[in-house]
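Structure first, commentary second.
The values are calculated or read from the model by the stated rules, or taken from the named source; none is laboratory data. Everything numeric in this text was worked out from a predicted model, so none of it was measured. Here the Cβ positions follow ideal geometry from the backbone for every residue, glycine too, while neighbour counts run over all protein chains shown. For accessibility, only protein heavy atoms count, side chains too; no ligands or nucleic acids. Shrake-Rupley method; radii C 1.70, N 1.55, O 1.52, S 1.80 Å.
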Amino acid sequence: MTEIEKRRSIRKYQNKKIEDEKIAALIESARLAPSGNNTQPWQFILIDDKAVIRTVAEAAHNQQWICSAPLLIACVADIQVRIKENGNMRVKEDTPVFELKQIIRDTAIAAEHIVLEAVHQGLGTCWVCWFTEDEMRPALGIPEDKFLVTILAVGYPDEAPAPRPRKKTEEIIHRNRW
């Protein structure tokens, strides 16, 4: 079974530290991700301090399941790789700048590389996206010209969710046009 088939959203983790080599492999997988014009707009915050993890859980609409993860990886996109002349642009969910969409897409690719490498390493993950920039930015000290794409909860799974239903292939494809 491939990593893609094995991947599940894990919301309950064992109280077990993740080895440094495994964390390095996660970040290396993200570092090797493709990006438009090879801009590599991603930055990562590794969060293993329990107090900071609690702060993140509270800022993410009090999702307390996050606290069981021994590691969070905040995946941050840096718009400065595409807009160099605009100095300290403040970015958030409703910023109408096209380059923001580009760096979000690229950083999401890198984040998913982490997710798949985590499965390969025997770890589980879950994307945390229910938050706002204004709530999460101060919790993690993220500058206003950066955009938090997601936070990945990472750890050894303490649950084994069954596969979720998926649409049939013929329900999701179109050929040549919609």
Q | Residue check for Val76: under 30 Å from Ala160 (Cβ atoms), touching a residue at least 60 places away in the same chain (Cβ under 8 Å) and either open to solvent by less than 50 Å² (accessible area, probe 1.4 Å) or assigned to a helix (DSSP H, G or I) (or both) | A | no
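Which residue is nearest to Leu46 (Cα to Cα), if the candidates are limited to the range 113-135 and must be open to solvent by less than 60 Å² (accessible area, probe 1.4 Å) and among the charged types (D, E, K, R)?
Filtering the range 113-135 down to residues open to solvent by less than 60 Å² (accessible area, probe 1.4 Å) leaves 114-119, 121-126, 128, 131-133.
In the following step, the residues that additionally are among the charged types (D, E, K, R) were identified as 117, 133.
Working: Glu117: 16, Glu133: 18 Å.
Filtering first and then ranking leaves Glu117.
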Q. Is it true that Ala111 is in contact (Cβ under 8 Å) with a residue 40 or more places away in the chain and under 17 Å from the mean Cα position of the chain (by Cα)?
A. yes
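Here are some residues: Ile53, Ile45, Ile66. Which one is touching a strand residue (DSSP E or B) at 6+ places or on another chain (Cβ under 9 Å) and open to solvent by 20 Å² or more (accessible area, probe 1.4 Å)? Give the steps one after another, and end with the answer.
On the way: Ile53 fails: open to solvent by 20 Å² or more (accessible area, probe 1.4 Å); Ile66 fails: open to solvent by 20 Å² or more (accessible area, probe 1.4 Å).
After ruling out the rest, the residue left standing is Ile45.
Quick one: how many residues across the range 11-31 are in contact with a helix residue (DSSP H, G or I) (Cβ under 7 Å, 6 or more places away or on another chain) and open to solvent by 30 Å² or more (accessible area, probe 1.4 Å)? It would help to see each step written out before you state the result.
Within the range 11-31, the subset in contact with a helix residue (DSSP H, G or I) (Cβ under 7 Å, 6 or more places away or on another chain) is 11-13, 25-26, 29-30.
Filter once more, so that each one left must be open to solvent by 30 Å² or more (accessible area, probe 1.4 Å): 11-12.
Number satisfying all stated conditions: 2.
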Q | Count of the range 142-170 residues which are within 18 Å of Cys126 (Cα to Cα) and polar (S, T, N, Q) | A | 1
Q. Which of (1) modelled with pLDDT under 95; (2) of a type in the set (D, E, K, R); (3) open to solvent by less than 30 Å² (accessible area, probe 1.4 Å) is the odd one out, the single condition Asp106 does not satisfy?
A. (1)
Q) In the range 136-178, which residue that is of a type in the set (Asp, Glu) and closer than 23 Å to Asp106 by Cα is most open to solvent (accessible area, probe 1.4 Å)? A) Glu144
(Q) Quick test of your reading of the structure: Ile83 fulfils all but one of (1) among the aliphatic types (A, V, I, L, M); (2) more than 24 Å from Glu58 (Cα to Cα); (3) open to solvent by less than 10 Å² (accessible area, probe 1.4 Å). Name the failing condition by number. (A) (3)
